[in-house]
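Notes for the one structure printed next.
The values are calculated or read from the model by the stated rules, or taken from the named source; none is laboratory data. All values derive from a computational prediction rather than experimental measurement. Note that we place each Cβ from the backbone using ideal geometry, even for glycine, and neighbour counts take in every protein chain shown. Side chains included, ligands, DNA and RNA excluded: accessible areas come from the protein's heavy atoms. Shrake-Rupley method; radii C 1.70, N 1.55, O 1.52, S 1.80 Å.
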Amino acid sequence: MNTFHNTLVTIDNFIWGPPLLILLVGTGIYFTFRLRIFQLRHLPTALKMVFSREENQSTGKGDVSSFAALCTALSATIGTGNIVGVATAIKLGGPGALFWMWLAAVFGMATKYAECLLAVKYRKTDSKGEMVGGPMYYLEYGMGNKWLAKLFALFALGVACFGIGTFPQINAIVDSAQLTMNAPAWLTGGILTVLVAVVTLGGIQSIAKVAEKVVPTMAVVYVVSCASVLIMQAEALPAAFQLVITSAFTGTAATGGFVGASIMLAIQSGVARGVFSNESGLGSAPMAAAAAKTDSCVKQGLVSMTGTFFDTVIICTMTGLTLVVTGVWQGDAAGALMTTQAFAIGLGSEQIGPYLVSIGLMFFAFTTILGWNYYGERCVTYLFGRKGVLPYKIIFISLVASGAYMHLDTIWVIADIVNGLMAIPNLIGLIALRHIIIEETHLFFSKQKETESEQVFNRI
């Protein structure tokens, strides 16, 4: 068994090594320069659309508002990666990993824009009258490659059932409840199963309603908590920023419990954790974007790309700076324990720190389960039609119920492999359909300029 597990770990390290990371970041770099740093030039416009009442009351085709679709996507991406993943990246690659996480996020915004644009352009209506879309649809109807579409759907379904969508999140919730409230696993698992069943059986409308309330609230609470630490440690902030920048290009020397890191390790850990956190290029967010009420695929692409901005540029940055200013990255702690120590030191309280991190982990993990339940449902609908949805939901809820008692490292490694594999067909589709993405973008902004010119002329 050890040989089998070690073989899987080797495969996992290869898949999440330079080849996939280069393909993921390379795709983002291509769209960034082809669209002339589009994601930065139009970020203010995108943020305005996110919070615009007019945009979110759009009468375009779709099942939920653009904001609700964004929150559904964020519910799946804002999770343990924002708390545990950032700590892991800095523990492995030093503070410089945070810089490379930022860079991956900037390019990732371009990728997220491209894939969500295609999701709306090639979305379909299922037998129940709901909008369905995502990589499997633009791979089949845009690229004309049905087997690649099915391959993506199978990989994504595997991730929903056995990877990000279930066991890691369930264990995070169970462990956090035991740490802060001394709650037994059976009680936490039972409550979690009931909550997941109640929400997910209601479909996208129910999931979106929960997501658009819980995700922004918890994100704000967590960011404010991090900001409180940074304000209390304000004198250390300039040195922290300097350390992040310098160690990104010079590596980090061994100090305290930190074993040291090269520039290459900083790049790999920062980019890998950044991509894992915001999922740009993996093909998950487009499945939520396709349900948005919108009359423009470009508009939804703009709204969706802010997900990477919120997830990595804001939340991961706050976590990373909290770890650096408090100096916990130099200690022996890792993962959630490192973040917990940072809050305890930063806020000067051994009680408040663990509660803030644990509550954040529980809510972030819960919403990730909901988001990935929906992604799995979209894949089942594509592969088997609506008749497969109810059996899938029953299986998913059963997996949630059993997840509280599972500590299966091998299953997690397999899930990580499948998670990486689902990105490959999606990225092939983005590259193949690059001309569609570029044409739609140019057409939208050309029409927008014409409209603005007409308005100016009419005012004259």
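A few comments on the model shown:
- Separation between Cα centres of the range 348-362 and the range 81-128, rounded to whole Å: 26
- Percent accessible area from carbon and sulfur atoms, the range 293-436, protein chains only, probe 1.4 Å: 70
- By the equivalent-ellipsoid construction on the alpha carbon gyration tensor, the range 186-275 comes out with semi-axes of 39, 19, 14 Å, ordered largest to smallest.
- Rel. contact order, % - alpha carbon contacts under 8 angstrom, at least six apart, the chain: 35
- Set against the labelled values [x] -0.43, -0.55, -1.00; [y] -0.50, -0.64, -1.13; [z] -0.50, -0.62, -0.99, log10 I(q)/I(0) by the Debye sum over Cα atoms at q = 0.08, 0.09, 0.12 Å⁻¹ computed from this structure falls on [x].
- Calculated mean residue ellipticity, 222 nm, the chain: -24000 deg cm²/dmol, from DSSP H runs (n ≥ 4) at -39500 (n - 2.57) each, averaged per residue and rounded to 500.
- Mean accessible surface per residue for the chain, computed with a 1.4 Å probe while every protein chain stays in place, in Å²: 40
- Computed with every protein chain present, the accessible area of residue 321 is close to 10 Å² [probe 1.4 Å].
- A probe of 1.4 angstrom, applied to the heavy atoms of all protein chains, finds residue 151 with accessible area near 60 square angstrom.
- Exposed loop sites here are trypsin sites (Lys or Arg not before Pro) assigned a DSSP state other than H, G, I, E or B and surrounded by at most 14 other beta carbons within 10 Å; excluding them, the longest clear run of the chain is 129-460.
- Alpha carbon centroid spacing (whole Å) that separates the range 251-265 from the range 209-224: 34
- Straight-line cross-link partners of residue 48 among the lysines, defined as a Cα under 17 Å from its Cα and at least 8 positions apart when in the same chain: 293, 299.
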